[in-house]
Each structure stands twice: as C-alpha cells, then as structure tokens.
Amino acid sequence: MTELILIGAGVLVGIILCFNGYKLFRLCLAVVGGVLGYIGGTFIVKFAEAQGSPLSEIAKLCVTVVPAIILAIAAFALYMRALIALTALFCAYFVYTDYGQLFPGKGADKVLIPLLTGFVIGMILGVVVYFAQKWTICFFTAFVGARVIAWASATFLWNLLKANPYALYIQDNFLGTRVTDTPALTACFIIVAFTAAGFVVQLKSSKKK
C-alpha cells in the first residue's frame with residue numbers, strides 16, 4: 001500500500017512538472033534542487049554503509065533531508081543562475097542510473113564515464129535552456145517531469161510486464177541482454193512519450209497568454 005502511495009505521489013508531481021513546468025519554472029528548479037540534494041545525501045549514506053560505518057536513523061535523516069532543503073532553497077532563490085548547475089547534475093544522475101550499464105569500463109571507470117558524459121550533456125543543455133528560454137524551458141521541464149514519472153512508475157510497470165516473453169524479447173533486442181532484468185526500456189518509453197506530450201501541451205498553453 002505504501003509503495004502504491006509513493007508511486008502515485010511521484011507520478012502526480014511528475015505530471016505537474018511535465019505539463020505545467022513553464023508556468024511553474026522557478027518552483028520546478030526548487031523541486032529539482034531538493035531531489036538532487038536528497039539523492040546526494042543517499043549516496044553519502046550508502047558510501048558510509050559500504051565502508052562499514054552505518055549511520056543512525058537520525059543521522060540518515062539529517063544527511064538526506066538537510067541537503068535537500070538547502071539545495072531547494074538555493075535553487076529557488078538563485079533561479080536562472082542555478083539552472084546550468086542543476087541541469088548538469090540532473091543529467092549526470094539520469095545517465096548513470098538509467099544507462100550506466102551500457103557504458104564500457106570496470107570499477108571506478110564504470111561510474112565515472114556515465115557520470116561525466118551526463119554532466120557534459122547537462123552543461124550543454126543548461127546553457128541552451130539559459131539563453132533560449134521559452135522553447136527549451138518547456139522541453140526541459142517536460143523532460144524532468146517525464147523522468148520523475150519514470151522514476152516513480154517504471155520499476156512497478158516493468159515488474160508487471162516482464163512475465164510477458166514479448167516484453168523480454170523487445171528489451172533484449174533494443175538494449176541487449178545485459179539490461180534484461182532492469183526497467184530501462186520501460187523508463188525510456190515513458191520518458192519519450194511524456195516529454196513529447198508535455199512539450200506540446202506547454203507550448204500551446206503558453207501561446208494563449
């Protein structure tokens with residue numbers, strides 16, 4: 001039940017960002033900043049646990065919540081000045097988590113290569129969004145919203161689909177057998193579909209002003 005509530009909440013937030021991001025762009029940046037702060041905190045928690053130094057529940061809460069609040073406030077206050085950095089960090093995380101398995105390398109290279117690739121792509125996108133404004137803001141917020149929807153629902157949907165041999169066949173042929181047991185292709189379809197839909201809806205709604 002709790003899992004379904006979290007999925008529903010994530011999908012709702014993603015839909016709001018995806019279809020109303022241009023109107024709520026400053027708030028979107030704050031949300032992205034908060035999410036990135038939370039993700040950074042969870043990385044710290046996992047790293048500490050991997051080193052044999054697990055944190056207490058209170059420490060975990062502080063390490064994850066405090067950076068989320070700080071980055072959310074900073075992103076809202078700095079607004080467009082925070083855009084490029086947030087876009088770079090978001091894309092680095094997105095490429096690493098969703099498509100890291102497709103990159104070559106072992107050990108540290110397996111982590112660094114997708115992170116750096118995503119970071120560079122994010123820097124470029126951030127600069128484009130910063131200077132191009134309306135069209136790219138619509139696209140950026142539609143993409144972020146679609147990514148949130150995929151993050152909330154892709155695993156759940158893939159667990160429903162993977163019992164179907166046709167779903168496994170399609171994923172094997174699109175992404176290869178290395179990612180058969182992940183929801184990568186499901187997430188990809190969700191992101192593409194919602195990004196396109198959100199982009200079109202936002203452009204139409206912004207023209208009415």
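We did not get these values from a lab; they are worked out from the coordinates using the rules stated. Please read these numbers as outputs of a predicted model, since none were measured by experiment. Methodologically, a virtual Cβ is constructed for each residue, glycine included, from the backbone with ideal geometry; neighbour enumeration extends over all protein chains shown.
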Counting other beta carbons within 10 Å of each residue's own, what order do CYS28, CYS62 fall into, fewest first?
CYS62, CYS28
For the chain, with a Gaussian network of springs between Cα atoms less than 10 Å apart, report the residue from THR141, THR155, THR87 with the top mean-square fluctuation.
THR155
For the chain, set up a GNM with springs between Cα atoms under 10 Å and report which of GLN101, GLN51, GLN133 has the largest fluctuation.
GLN51
Distance from the Cα centre of segment 5-31 to that of segment 106-161, in angstrom?
15
So what is the relative contact order of segment 1-131, in percent, for Cα pairs below 8 Å that sit 6 or more residues apart?
23
Just one of [x] 1.61; [y] 0.94; [z] 1.06 is Cα Rg over 2.2 N^0.38 Å as worked out from the coordinates here. Which one is it?
[z]
Tally of Lys pairs whose C-alpha atoms are under 16 Å apart, taken over the chain, 8 or more apart or cross-chain
10
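Pick out the long, greasy-scoring helices in the chain: whole DSSP H runs spanning 30 Å or more along their own axis by Cα, mean Kyte-Doolittle at least -1.0.
Counting only whole DSSP H runs, the qualifying helices are 25-50, 57-78, 108-132, 134-161, 184-207.
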With only Lys, Arg, Asp and Glu charged, each at its Cβ (+1 for the first two, -1 for the last two), find how big the charge dipole of the chain is about the Cα centre; round to the nearest 20 debye.
860
The chain, Gaussian network, Cα under 10 Å: of VAL111, VAL129, VAL31, the residue fluctuating most is VAL111
